[in-house]
Amino acid sequence: MSKIKLTKTAVDAATPKERDYELRDTTIPGFLVKVTPAGRKIFMVAYVAHNGQRRKPAIGRYGEITVEQARGIAQDWLAEVRRGADPSAERAAARQAPTVKELFDQFMTDYSESRNKPSTVSSNRGYGKRYIIPILGHLKAPDVTRADISHLMKKMGHSPTNANRVLAAVRKMFNMAEVWGMRPDGSNPCRHVPKYPERGKTRLITDTELRKLFEYLDRAEAEGLEHPFILLAIRLQFEFAARMSEILELEWAWIDFDNRRVVWPDSKTGGMSKPMSAEALRLFETAPHLEESPFVCPSVFDPNLPMSKHTYYQGWRRILERAGLPHIGTHGIRHRAATDIANSGVPVKVGMALTAHKTVTMFMRYVHTEDDPVRAAAETVTQRRLSLVGGAQPPAPAPVPQAPEPPTVAPVVTAAAALTTEGKPLGFEDGKYTSRTKLGNYRPFRHRGGENRTTPPGSKRAEEQGASHA
C-alpha cells in the first residue's frame, strides 16, 4: 500500500498487478484508489464508524468521475462521519429497503389480517391490487414522497370516495413502516394530503314519511303483503338504531330475555350490548321462530343462513315504493333512529351507548337537524334579544298572498327629465328634501339639502357649524 498525492497523472500511471493494491492519498486521510488485476481503478474512502466498525465504501470508478470529484465526495463523507453518521451503512440500507409492494404485503400479513374485520381486509387487498401496487409498487418505501401520494390521489380523482378510502389505508401502512423502522419517525408522506369532498349524504326520513312508512308496515303485517322476516328486520333496525349487518346476523342465542338485553359478540366496532325496550321485547316475543334456524331473521330460502343483504335491501326498496315514499338507503334507518335519540333529550353518552358509536363526533354525524326545533330556537333567541333591548313583541307576520301581482316597473327617467323647470332636482319642496329612493330621482346623501338634512357628526361641516355657534 503506497501513499502518494492522488492526481490524474498518478492514477493514470498506476498499472495493474497480480493482486489488488491501493494507492492512498497523502492530503485526505482515508481517501484512496484501488487498482484491480483487470485494470479497473475504483475510488474509495476508509473510515471508522461511530460504533467502532471499519468501513471502506466505494465512491466511483475512475473515468466515470475525476480525481477531484472523488476527493470532494470523500471529504463530504468524512465530514458526515465526524457528525456521527455512517454513509456506508446508509447506502446499504437504501439498497436493501423494501419496495412499496413488499411493504404492502407485510402490512396485510402482520397488521391488517390480525386486527381488521374480514370485510376491511378484503377491501384493503382490493385497494392494493387495483391502485396502490400498480402506481406506487415499484418505489422504495423510504423514497415515497408527498408528491407520489398526491399523484395517486389524482389518478383516482374520478372516484372520490374510493380515493379517500385508499388514502386512509396508505396512511396506516406508512405509519406501520415507521414502527417497523422502514422510515424515520414523523415522515409519513400522507400528511397534509387533502381528501376529496364526499358529496353523498344520507337524507333524513321526515316525520311525515315515518308515519306513512309505519302505517304501511302495519298494513303489510296485517294483510300479509310482505315477508314477515323483512318486516321484522326493518322494525328491529329502527328499534336498536342498528346497522343492517347487526340485524341480519342477529342470533336467538344472543338475546337475554331475563335481563332484557341483546349482546352482540362482534360488530363493526367490536362486541356490544344493548338493552331491550318494551317494543323490542314485543317484537322478539311475537316474531316467528324457526326451530332449525339460529337466526332471528333467517334467509327466506335457507333457514340455516342469515338473510342476505340483497334480499333485505330489495325488500326495503319495495316497501318504500309501495308506501309512496322517495328512495333512501337502509342506512337512513340508523340515521333516523340516531336523530330520534338525540332529540329525545337523553345525554350524549347514553345516546352513544344506544347507537354503539365510539366517539361523539361520529355520533353527531348521524344526528340530523330538523326544521321545527331550529325554528323554535330562532324564536327563543329573538324573544331574548327583545327582552334585553326593551323592545315590544314582534307583530305576527302577514299572510303570504297565494297569487301576488307582478310588481310595477318604473319607467326609465333620463337625466334631463330628472330636473324641474326651475332647474332643481326632483323631490325638493320649499327647500326640504322629500323624495324617496325611486328610479330617476334618487340623490346621494351628500347631495341632499334642506332643513331636514341632518349634519353628520364629526364631519367638517359639523365643526364649522359648531365654530359659528360659538
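The values are calculated or read from the model by the stated rules, or taken from the named source; none is laboratory data. All values reported here derive from a predicted model rather than from experimental measurement. Neighbour counts run over all protein chains shown; Cβ positions are idealised from the backbone, glycine included. Ligands, DNA and RNA are stripped out before the accessible areas are found, and what is left, the full protein with its side chains, is counted by its heavy atoms. Shrake-Rupley method; radii C 1.70, N 1.55, O 1.52, S 1.80 Å.
Observations on the structure shown:
- The set of residues in the stretch 177-203 that are charged (D, E, K, R), out of contact with any Ser or Thr (no Cβ under 9 Å at 6 or more places or on another chain) and open to solvent by 60 Å² or more (accessible area, probe 1.4 Å) comprises ASP185, ARG191, LYS195, ARG199, LYS201, ARG203.
- Search result, residues across the stretch 69-97 that are outside any helix (DSSP H, G or I) and open to solvent by 30 Å² or more (accessible area, probe 1.4 Å): ARG83, GLY84
- If the condition is being under 28 Å from ASN116 (Cβ atoms) and surrounded by 13 or more Cβ atoms within 10 Å (Cβ to Cβ), then the stretch 269-285 contributes THR269, MET272, SER273, LYS274.
- Subset of the stretch 236-271 (residues that are assigned to a helix (DSSP H, G or I) and under 32 Å from the mean Cα position of the chain (by Cα)): LEU236, GLN237, PHE238, GLU239, PHE240, MET244, SER245, GLU246, ILE247, LEU248
- The residues on offer are THR339, THR311, and the sole one that is within 17 Å of PHE238 (Cα to Cα), assigned to a helix (DSSP H, G or I) and of a type outside the set (A, V, I, L, M, F, W, C) is THR339.
- Of all residue pairs spaced 6 or more apart or on separate chains, those with beta-carbon atoms under 9 Å, a first member in the stretch 316-342 that is at positive phi and a second member that is surrounded by fewer than 17 Cβ atoms within 10 Å (Cβ to Cβ) are GLY324/LYS212.
- Residue in the stretch 110-128 that is more than 30 Å from SER267 (Cβ to Cβ) and of a type outside the set (A, V, I, L, M, F, W, C) present: no
Condition check ((1) within 21 Å of LEU210 (Cβ to Cβ); (2) in contact with a His (Cβ under 8 Å, 6 or more places away or on another chain)) across all residues:
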site	(1), (2)
ARG243	yes, yes
ASP256	no, no
ASN259	no, no
GLY271	no, no
LEU320	yes, yes
HIS331	yes, no
ALA342	yes, no
LYS349	no, no
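- Of all residues making up the stretch 363-391, the number that are within 13 Å of ALA241 (Cβ to Cβ) and assigned to a helix (DSSP H, G or I): 1
- Filtered by the rule that a residue be β-branched (Val, Ile, Thr) and either exposed (fewer than 14 other Cβ atoms within 10 Å of the Cβ) or assigned to a strand (DSSP E or B) (or both), the stretch 8-23 gives THR9, THR15.
- Sole exception among (1) farther than 30 Å from HIS368 by Cα; (2) open to solvent by 30 Å² or more (accessible area, probe 1.4 Å) for MET173, by number: (2)
- The single condition among (1) surrounded by 15 or more Cβ atoms within 10 Å (Cβ to Cβ); (2) without any contact (Cβ under 8 Å) to a residue 12 or more places away in the chain; (3) not aromatic (Phe, Trp, Tyr) that ILE247 does not meet is (2).
- Residues in the stretch 24-57 that are surrounded by 16 or more Cβ atoms within 10 Å (Cβ to Cβ) and β-branched (Val, Ile, Thr) were compared, and the one that is farthest from THR9 (Cα to Cα) is VAL45.
- Residues within the stretch 314-327 that are within 33 Å of the chain's Cα centre (by Cα) and part of a loop (DSSP other than H, G, I, E, B), tallied: 3
- For the stretch 59-68, a tally of residues being in a helix (DSSP H, G or I) and surrounded by 13 or more Cβ atoms within 10 Å (Cβ to Cβ) returns 1.
- Scanning the stretch 117-158 for residues that are within 22 Å of the chain's Cα centre (by Cα), assigned to a loop (DSSP other than H, G, I, E, B) and surrounded by fewer than 16 Cβ atoms within 10 Å (Cβ to Cβ) yields LYS117, THR145, GLY157, HIS158.
- Members of the stretch 272-303 that are closer than 21 Å to GLY351 by Cβ, in a loop (DSSP other than H, G, I, E, B) and not polar (S, T, N, Q): MET276
- Residue match in the stretch 204-227 (condition: crowded, with 16+ Cβ neighbours inside 10 Å, assigned to a loop (DSSP other than H, G, I, E, B) and modelled with pLDDT under 90): yes
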